[in-house]
Structures are given as C-alpha cells and as structure tokens.
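Written below as structure tokens is the structure these notes are about.
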Amino acid sequence: MSKANNPSLKSWVEVKPESDFPIQNLPFGIFKTADSTPRVGVAIGEYILDLSVLAKAKLFDKAPWPFDITVFEQRELNPFISLGKPITTAVREIISDLLQAENAELRDHAELKTAALIKQNEAEMLLPVHIPNYTDFYSSQEHATNVGIMFRDPANALLPNWKHLPVGYHGRASSIVVSGTPIHRPNGQTKANEALFPSFGPCRLLDFELEMAFITGRATELGTSISTAKADEYIFGLVLFNDWSARDIQKWEYVPLGPFLGKNFGSTISPWIVTLEALEPFRVDSPMQEPEVLPYLKSEGKKNYDIQLEVEIIPENGKSKVVSQSNFKYMYWNMAQQLAHHTVNGCNICVGDLYASGTISGPTPDSYGSMLEISWQGKRPITMPDGTERKFILDNDTVVMRGHCEKDGVRIGFGECSGKILPAI
Ligand code: CA
C-alpha cells in the first residue's frame, strides 16, 4: 500500500474532521478561477493545490522520469492520466510529501504557497475528463430484483442472464455534466397503459439513480481484452454518478433495444476523481456469487469497496431530506468483472471512458438508490419536512449525492454530486 495512505499522516493545511479531503485522499480535478485558465488541481481540506504552479517550481522533478508538465495546464485530465500509473502515483506521493506537517519545503515558502493554494469556494470546478465513451452497468442485485418485482414477475425477478454476466448498455457521453450544472426536465413521448396512442410533453416521472463510476486511465487496442487480474491497472479512479432517468419516457421507448431518450438528457458526476490508490485501504470482499461464474469472470482478492453513500433532496424553498443511505460494497458484479466482460469480445477502451455501476440499492427500503424503488412506483410517497410529498423529483428540486469511506480514523470522500431540475424547455 502507498505510503501516502498512512493513517498517521497529518498536513500543515488545516483539514476539519468532517472534510472529504484529508492528506490520505488527494483526488484530482480541473478548476478555474476568475483570474486563471482551467488547470489541474488536487483537493486538500478547503483548498485546491494548483499543480501547474508546483510543476513550474520544478517540484515534480522527483518523478521516476521526466514528463511534459503542460499536462497540468489542460482543461481535462486525459493528458495527465495518459502518462500512466507510475507517473500519476508518483505525483500523488510527491504531493503527499509536500503537504506533510513536518515538510517545510512548501509550508514555509510564502510566495509559492500563496500562488499554489486556492480556496475551493473561490474556484469553479469543471468536468474533470473528456469522456469518449460511457457505459452503464446494472450490477446491484437488490436494484435489479426490485425492478424485476415491480415490472415483471416477483417469483422470477432476475432475468436468466443476470447472474451470469454484468448486464450493461452503451450510454451517451456528450450529456455528462459536472456537479452543479442544472438539468431541464426532458420532453418526450409517453403512453399511459390504457391509452391507444402516445402523447408528447414534459416527463412526469423524473428520477435519480445513485451510482458510482470508474474512469479508465489507459487505452487498449481493438481486438484485445483485459483480464480481471489486470483490470486495476486500467482504472484511474472513481466519481459519484447520478444517472438521471425519465421513467415514463423509458417505459414506452425501451422495447426492444433498451434505454434511449429516457436517459440521455443528462447525467451528473462529482468533480474530483478519487484514485484507486486512495481507495486501497477500503477494499472489502465481494458478495458470494452463486451460481459459479464463467472462468473469464472469476476474480481474486478483495474487489469491492466500502463507500458509504447518501442521497438528499433539497426543495427550492423547503427543508431538505436524506432519502437514501446505501453502500458501494453491495455491488454483485465488481469493476474488474465489468471491465473483463466489456472487453472479452475485443472491444477497445479509451483514456477517460466512464463506466457506471448501475443503481446501487441496499437490502432495506431506506437504502434504495432511486425514487422508483423508494416510492415503489409512486405507491409509497415520502413526506418531506415541509409536508410536501415526493414520488419522483419535482421542478426546482436539487438532488445531492455524497460518498465517503472511513477506517482507522481516516475519512476520505468524493465531495458532492449535485444537480437541480429546471422546468421543461
Ligand atoms: Ca443507470
């Protein structure tokens, strides 16, 4: 395990106990300020460390080999993460050294410190990566079972393929936006069960899906595949992911090819990519898989991660409510299996690709990862503190997702994945 994960490390930058960004985290993102162009930063406490400033001061000269430091002045992380894990991991470790309480190099260099540390509340976070491709899996057994019970047969909720392969589909990359970007309620075709013909108008059953997503940091050639044993070498890090879903549009359109306009009007990600290295201490065993999976899907070791998740709904002028508390560890199919399955036919992957987990539901109703399940198709509405009810998401509601890991006195988190729903255009 990286020395940067040592629970006893402390930084000279003040980090509050409830912060998502202690020295053991050091996630990467893209930010800009009123005076600066977009660039690469690392979150520490309430600050962002500007890596372009550190690079110009030659603080990354200790990396294993020289690299082009203009990667830190780009508006996306792709050039940086393309350098490969030996460099990206070394950069994280150099930053960890620089921020340690006893290291005076940056701490006592007033001019450099002032230039390199920016208050997060004075910066705008941008989409961290250019995303060439987006795939959405369907890997939570609890979620797939709930949907199967609601829409098909309670006795055979899971379809016959579900325990043999990580079901997924190719989503839309162009409409993935960074946290804080508002989304308009989509218009589309819907058809009531009793109606003869469809009608057109604003979606009435707008939902969130609580997901996590991994971003690949290394490309492959068409015609090659990635084994479960090698998958971690291709995963740069993880973000929170809200796969906004228009249930009524989805219901009418999805037969026989799957999700389309019910999903592609927008998806929201958190701005900080938490590296796989930072998540290393939080690995846990995967759930038992029964029946046994085919050999190419077998994986060794701890492949799940204990990441506590929550979803909060904030009405425009009312009190907010946490409507779900779930955990990434519940996933039936792990990321290594998803990547191995995705590429087993020779499909190539790109740097910056985003692979979402699918809705992460836990075993109890308060851990379900979508309003579809929480309100059970609208049959069990939830009551907000202001007395209003929610079956699905209303105009001007803001949905905020958060995630963090906690172990040995260390708490690392993902920041917020937030989006407000505006009225239909
Ligand atoms: Ca989804």
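Scanning region 235-249 for residues that are buried (at least 23 other Cβ atoms within 10 Å of the Cβ) and either within 25 Å of Glu76 (Cα to Cα) or without any contact (Cβ under 8 Å) to a residue 40 or more places away in the chain (or both) gives Phe236, Gly237, Leu238, Val239, Leu240, Phe241, Asn242, Asp243, Trp244.
If you scan region 1-37, which residues turn out to be in a loop (DSSP other than H, G, I, E, B), among the polar types (S, T, N, Q) and either under 13 Å from Gly415 (Cβ atoms) or in contact (Cβ under 8 Å) with a residue 60 or more places away in the chain (or both)? Talk me through it step by step, then tell me what you get.
Just the residues of region 1-37 that are in a loop (DSSP other than H, G, I, E, B), to begin with: 1-2, 6-10, 12-27, 34-35.
Checking the rest, the ones that are also among the polar types (S, T, N, Q) come to 2, 6, 8, 19, 24-25.
Result: Ser2, Ser19, Gln24, Asn25.
Determine if region 405-416 includes at least one residue that is in contact (Cβ under 8 Å) with a residue 40 or more places away in the chain, surrounded by fewer than 21 Cβ atoms within 10 Å (Cβ to Cβ) and under 24 Å from Pro186 (Cβ atoms). Yes, because at least one residue in region 405-416 is in contact (Cβ under 8 Å) with a residue 40 or more places away in the chain, surrounded by fewer than 21 Cβ atoms within 10 Å (Cβ to Cβ) and under 24 Å from Pro186 (Cβ atoms).
Of the residues making up region 38-92, those that are of a type in the set (Asp, Glu) and either in a strand (DSSP E or B) or under 21 Å from Gly415 (Cα atoms) (or both) are Glu46, Asp50, Glu76.
Within region 258-277, residues that are over 19 Å from Leu206 (Cβ atoms) and away from the ligand (no atom under 13 Å from the Cβ) sit with their Cβ atoms under 7 Å from residues that are small (Gly, Ala, Ser) and at pLDDT below 95, at 6+ positions apart or across chains, in these pairs: Glu277/Ser2. Test Val284 against the stated conditions and say whether it is within 16 Å of the ligand (Cβ to nearest atom) and either surrounded by fewer than 17 Cβ atoms within 10 Å (Cβ to Cβ) or under 23 Å from Asn348 (Cα atoms) (or both). So Val284 does not fit the description; no.
Within region 48-67, the set of residues being surrounded by fewer than 22 Cβ atoms within 10 Å (Cβ to Cβ) and touching a Lys or Arg at 6+ places or on another chain (Cβ under 9 Å) comprises Ser52, Val53. Tallying residues that are more than 15 Å from Asn146 (Cβ to Cβ), within 16 Å of the chain's Cα centre (by Cα) and of a type in the set (Ser, Thr, Tyr) within region 339-382 yields 2. Restricting to region 170-193, name every residue that is within 15 Å of the chain's Cα centre (by Cα), more than 15 Å from the ligand (Cβ to nearest atom) and either hydrophobic (A, V, I, L, M, F, W, C) or under 15 Å from Ile249 (Cβ atoms) (or both). Passing the criteria: Val177, Val178.
Per the conditions (1) more than 16 Å from the ligand (Cβ to nearest atom); (2) touching a residue at least 12 places away in the same chain (Cβ under 8 Å); (3) of a type in the set (Ser, Thr, Tyr), the sole criterion not satisfied by Tyr138 is (1).
Does Asn121 count as farther than 29 Å from Gly378 by Cβ and within 16 Å of the ligand (Cβ to nearest atom)? Don't jump to the end; show me each part of the working.
Details: farther than 29 Å from Gly378 by Cβ: yes; within 16 Å of the ligand (Cβ to nearest atom): no.
Answer is no for this residue.
The values are calculated or read from the model by the stated rules, or taken from the named source; none is laboratory data. Keep in mind it's a predicted model, so treat the numbers as computed, not measured. Here Cβ is always computed from backbone atoms with ideal geometry, including for glycine, and neighbour counts include all displayed protein chains.
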